[in-house]
Amino acid sequence: MSIKSAEFVKGVVIGADRILEENKLQVAFIGRSNVGKSSVINSLVGRKKLVKSSSTPGKTKEINFFLINEKIYFVDLPGYGFAKASFEQREKIRQLILWYLISVEIANRKIVMIVDARVGLTKLDLEMIDILNENGHEFIIVANKEDKLKRSERSKKLKEIYKKAGGKKIIFYSAKSGEGKNEVLASIFNG
Ligand SMILES: Nc1nc2c(ncn2[C@@H]2O[C@H](COP(=O)(O)OP(=O)(O)OP(=O)(O)O)[C@@H](O)[C@H]2O)c(=O)[nH]1
Ligand SMILES: [Mg+2]
């Protein structure tokens with residue numbers, strides 16, 4: 001499937017919202033702060049500035065809904081674990097993410113977990129994987145910023161992430177070069 005149109009619809013915070021009850025597929029992008037969730041969405045839809053991304057972590061503060069091809073939503077979540085945020089700020093973001101993943105019942109949802117290919121899975125990522133598994137959510141792992149990895153480091157990193165993730169499918173990705181784009185799109189739409 002190719003992406004023909006993408007538009008920002010709205011930002012959602014904790015509370016009832018009609019958009020959550022719509023019968024459209026929601027593809028949610030989750031991950032630590034600054035791993036490139038917003039950049040990955042931009043590169044997938046082929047629009048550099050659809051989603052605000054920034055070198056300052058903690059850019060995304062709401063759950064942002066983007067309508068793709070007028071029929072599915074890409075959902076950009078704030079990142080967890082931004083070290084420089086205050087405890088209250090981090091906790092607020094954490095509650096928002098957990099609310100969306102645990103409390104909101106969504107008929108049709110796919111989850112894409114983004115990690116930094118160089119860093120691999122951190123303690124926070126492993127906690128998130130536990131939460132996803134406990135709540136019966138299927139997900140794929142996208143290891144972004146692979147352009148920053150040396151060729152020689154790739155297979156070692158891949159094995160390391162694969163092992164830690166308990167044998168999950170991992171897709172190497174670069175929002176910068178577009179590497180992995182077809183594989184991620186195929187996984188979202190056909191997988
Ligand atoms: N080299 C490289 N840099 C990237 C890539 N993806 C994102 N970045 C950079 O990483 C930084 C963070 O990107 P964002 O897309 O804002 O990250 P985010 O996960 O949405 O961040 P929060 O919303 O703060 O959680 C920016 O400076 C991006 O330009 C990539 O594939 N390669
Ligand atoms: Mg973001």
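The values are calculated or read from the model by the stated rules, or taken from the named source; none is laboratory data. Quick caveat, the model's predicted, so the values are computed rather than measured. Counting neighbours? That spans all protein chains shown, and the Cβs are built from the backbone with ideal geometry, glycine included. Accessible surface is based on the protein model in full, side chains and every heavy atom, while ligands, DNA and RNA are left aside. Shrake-Rupley method; radii C 1.70, N 1.55, O 1.52, S 1.80 Å.
Worth a mention:
- Classification of the range 1-77 by its C-alpha gyration tensor yields an oblate form. The axis ratio a/c (a ≥ b ≥ c) is 1.5 or more, and b/c is at least a/b.
- Residue ranges 34-42, 79-87, 152-160 sort as 34-42, 79-87, 152-160 when ordered by packing (mean number of other C-beta atoms within 10 Å per residue, highest first).
- Cα gyration tensor, the range 6-189 - rounded (a/c under 1.5), prolate or oblate: rounded
- Solvent-accessible area per residue for the chain (1.4 angstrom probe, square angstrom): 53 Å²
- Potential lengthening between Lys71 and Lys49 on full extension [0.36 nm per residue; Cα-Cα distance subtracted]: 5.9 nm
- Point-to-point label distance, Glu7-Gln89, nm (Cα→Cβ direction, 7 Å offset): 3.3 nm
- Gain upon complete extension [Glu183, Val119; 0.36 nm per residue less C-alpha separation]: 20.9 nm
- Close amide H pairs (under 5 Å, H built 1.01 Å from N) link Asn69 with Lys4, Ser5, Ala6, residues at least 5 positions away or on another chain.
- Using a Förster distance of 41 Å, the FRET efficiency for Ala107-Ser152 (Cβ separation, nearest 0.05): 0.40
- Set Lys48/Lys123; Lys48/Lys84; Lys4/Lys49; Lys4/Lys168; Lys156/Lys176; Lys61/Lys156 screened for pairs whose C-alpha atoms are more than 24 Å apart: Lys48/Lys123; Lys48/Lys84; Lys4/Lys168; Lys61/Lys156
- To put it simply, the accessible area of the range 6-189 at a 1.4 Å probe is 49 percent carbon and sulfur.
- Counting only DSSP beta bridges whose two residues both lie in the chain, roughly 35 percent are antiparallel.
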